[in-house]
Amino acid sequence: QVQLVESGGGLVQAGGSLRLSCAASGSILGIKGMGWYRQAPGKERTLVAHITSTGYTKYADFVKGRFTIARDIIKDGVYLQMNSLKPEDTAVYYCYANASGYDYWGLGTQVTVPS
């Protein structure tokens with residue numbers, strides 16, 4: 001079992017920045033990859049960024065050049081640095097981890113960018 005707790009969401013003006021953090025606990029040695037999905041009202045949950053245990057990263061096209069995912073060694077998790085935020089980035093952001101063949105999810109953190 002892996003437990004995930006997100007933090008860092010909030011309201012920010014367009015063009016601003018936020019940093020989301022995800023702290024992992026439990027069976028973290030089995031984690032092969034972690035990342036972030038987001039879900040806007042009325043839309044499906046969509047991959048934002050992913051990082052493997054070896055450091056390989058993958059980004060959705062709509063965040064390339066604006067968002068950066070990296071491992072957080074102190075929290076045994078990951079963080080997502082979000083720059084140049086746009087109103088369309090408004091969503092609930094969920095941290096996930098793939099460990100031992102299972103996907104684990106956090107409860108999500110709201111990011112709001114007013115238009």
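The values are calculated or read from the model by the stated rules, or taken from the named source; none is laboratory data. Values in this document were obtained by computation on a predicted structure and should not be read as measured data. Positions of Cβ are generated from backbone atoms using ideal geometry, with glycine treated the same way; all protein chains shown enter the neighbour counts. These accessible areas exclude ligands, DNA and RNA; they are computed on the full protein's heavy atoms, side chains included. Shrake-Rupley method; radii C 1.70, N 1.55, O 1.52, S 1.80 Å.
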Inset, instruction - Being open to solvent by 60 Å² or more (accessible area, probe 1.4 Å) and among the acidic types (Asp, Glu) narrows it down to one of Glu6, Glu88, so name that one. - result: Glu88
Legend entry - the stretch 91-108, residues that are more than 15 Å from Ser17 (Cα to Cα), under 11 Å from the mean Cα position of the chain (by Cα) and open to solvent by less than 40 Å² (accessible area, probe 1.4 Å): Val92, Tyr94, Cys95, Tyr96, Ala97, Gly106, Gly108
Inset, instruction - Check Arg71, Arg45 and return the single one that is within 17 Å of Asp103 (Cβ to Cβ) and touching a residue at least 24 places away in the same chain (Cβ under 8 Å). - result: Arg45
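Yes/no per residue for (1) over 14 Å from the mean Cα position of the chain (by Cα); (2) within 23 Å of Pro114 (Cβ to Cβ):
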| site | (1), (2) |
| --- | --- |
| Gly16 | yes, yes |
| Cys22 | no, no |
| Ser27 | yes, no |
| Trp36 | no, yes |
| Leu47 | no, no |
| Ser53 | yes, no |
Inset, instruction - State the number of residues belonging to the stretch 69-115 that are charged (D, E, K, R) and within 12 Å of Ala40 (Cα to Cα). - result: 2
Inset, instruction - Kindly indicate whether Gly42 is farther than 16 Å from Leu11 by Cα and in contact with a strand residue (DSSP E or B) (Cβ under 9 Å, 6 or more places away or on another chain). - result: no
Inset, instruction - May I ask you to list the residues in the stretch 66-85 that are open to solvent by 80 Å² or more (accessible area, probe 1.4 Å) and either at pLDDT 95 or above or charged (D, E, K, R) (or both)? - result: Arg71, Lys75
Inset, instruction - Quick one: which strands (runs of 3 or more DSSP E) lie wholly within the stretch 60-115 and hold at least 2 residues that are of a type outside the set (Val, Ile, Thr)? - result: 67-72, 77-82, 91-99, 102-105
Legend entry - the stretch 26-56, residues that are assigned to a strand (DSSP E or B), open to solvent by 20 Å² or more (accessible area, probe 1.4 Å) and either hydrophobic (A, V, I, L, M, F, W, C) or under 12 Å from Val78 (Cα atoms) (or both): Ile31, Leu47, His50, Thr52
